[in-house]
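Quick notes on the structure that follows.
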Amino acid sequence: METAKVRLRKPTRVFTFLCRDVPLERDEPCIVRSDRGLEFGTCVVPPEPCPEEMAKRLTMQVVRRANTHDEMTYKQLLVEEEKALQLCKRKVAERHLPMKLVDAEYTFDKRRVIFYFTADDRVDFRELVRDLAHELKTRIELRHIQVRDEAKMVGGIGSCGLELCCRAWLSGFVPISMKMAKRQSLSLNPAKISGQCGRLMCCLSYENDQYPSRKRGASKAATQEKPPSDEDAKAAPDGDAAAEDIGPSADESSEFAAVTGAVDTENGGPREPKCTEVASPPAEAAASSTEETQAESAAKAEGGAPPSVDASATEKSGEEGTPRRKHRRRKRKKKHPHNRPHK
């Protein structure tokens, strides 16, 4: 079993037909049987083998190759279609119907005539169908189409200087949006990016996939400018850490600040040195503390208890230096219940 692809007259779309022992060549006229009856078409793809499952699904088939009589009939159909179109336009004008006739089409056996029209709203054309059936003596069908289909049937020259794509080779229409023009950095003037049908040009979708979207570009820029995290800082080599840690330690910096001035941590450098006063213990307090430490060390060496310290001397020294802090700590420990001696 073989199948062939045939382009019909109106609308110029390609369909697959079942071809049974009918030799066809490319661009050869033929007669086919479709859902509307016998029609005149042109072979686009010659017959080629197909699986049986696909052949069972196809209902349309090629009847024969077009002969001389069929070509004469085709020429007569073109004349009859023009007469039927003029008759329909006259009837529409008489009844003042808000519709625009585009084209008329006869089937090859002249059993049906189809009128294509465009309209903004729904049109009640029942009376029009009765008048046309009375005049033409055949079955009448009115079909509402969109403006893109109108441009496809009428044809024309695009802004590029070539024939319209929908008329020449485009088989179907793809949704077109203004985002495609923005992504390709084209002019957003509707007069420049609109086609003959008044809609956005179909060629905007041809190279749309070759341009990256703005969301993708923004995400890539964000990943490139992302600051290093704490984990990246921890994973740095030892050489970098040693190169960064060149400042003084906490103890050294505190002593350095006490003598020369505070460090400016915000700007990363030391401030101007300021004169600071460092409180030094008086000579008497220093001498007394030295004597006490010597006495304690001597008592430890002999194995005895350290000599008792006079409370008055401790209070006096506490007012002047650090021994008073030790005395306060001892008192706090005595007040604690766990430190009390068992009786």
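The values are calculated or read from the model by the stated rules, or taken from the named source; none is laboratory data. The structure presented is a predicted model; accordingly, all values stated were derived computationally and were not measured. With ideal geometry, Cβ positions are generated from the backbone for all residues, glycine too; neighbour counts draw on all protein chains shown. The protein model used for the area step is the full one, side chains on, heavy atoms only, and it has no ligands, DNA or RNA in it. Shrake-Rupley method; radii C 1.70, N 1.55, O 1.52, S 1.80 Å.
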State the number of residues belonging to segment 172-196 that are open to solvent by 50 Å² or more (accessible area, probe 1.4 Å) and of a type outside the set (S, T, Y).
14
I'm trying to understand the selection: among the residues of segment 121-171, which are open to solvent by less than 60 Å² (accessible area, probe 1.4 Å), among the small types (G, A, S) and in contact (Cβ under 8 Å) with a residue 24 or more places away in the chain?
A151, G156, G158
Mind counting the residues in segment 29-52 that are under 20 Å from M1 (Cβ atoms) and in a loop (DSSP other than H, G, I, E, B)?
2
Residue check for K100: closer than 23 Å to D35 by Cα and not aromatic (F, W, Y):
no
Close pairs (9 angstrom Cβ cut-off, 6 or more residues apart or separate chains): on the phi > 0 side of the Ramachandran plot and in contact (Cβ under 8 Å) with a residue 60 or more places away in the chain in segment 181-210, in a loop (DSSP other than H, G, I, E, B) and among the hydroxyl-bearing types (S, T, Y) anywhere:
none
Could you please find all residues in segment 1-40 being within 28 Å of F117 (Cα to Cα) and more than 43 Å from the chain's Cα centre (by Cα)?
P29, C30, I31, V32, R33, R36, G37, L38, E39, F40
Take V62 and tell me if it is surrounded by fewer than 17 Cβ atoms within 10 Å (Cβ to Cβ) and either without any contact (Cβ under 8 Å) to a residue 60 or more places away in the chain or out of contact with any strand residue (DSSP E or B) (no Cβ under 8 Å at 6 or more places or on another chain) (or both).
no
Scan segment 181-215 for residues that are among the hydroxyl-bearing types (S, T, Y), more than 14 Å from the chain's Cα centre (by Cα) and not in a helix (DSSP H, G or I) and report the count.
4
Quick test for you: out of E28, E39, pick the one residue that is closer than 19 Å to Y74 by Cα and touching a Leu at 6+ places or on another chain (Cβ under 8 Å).
E39
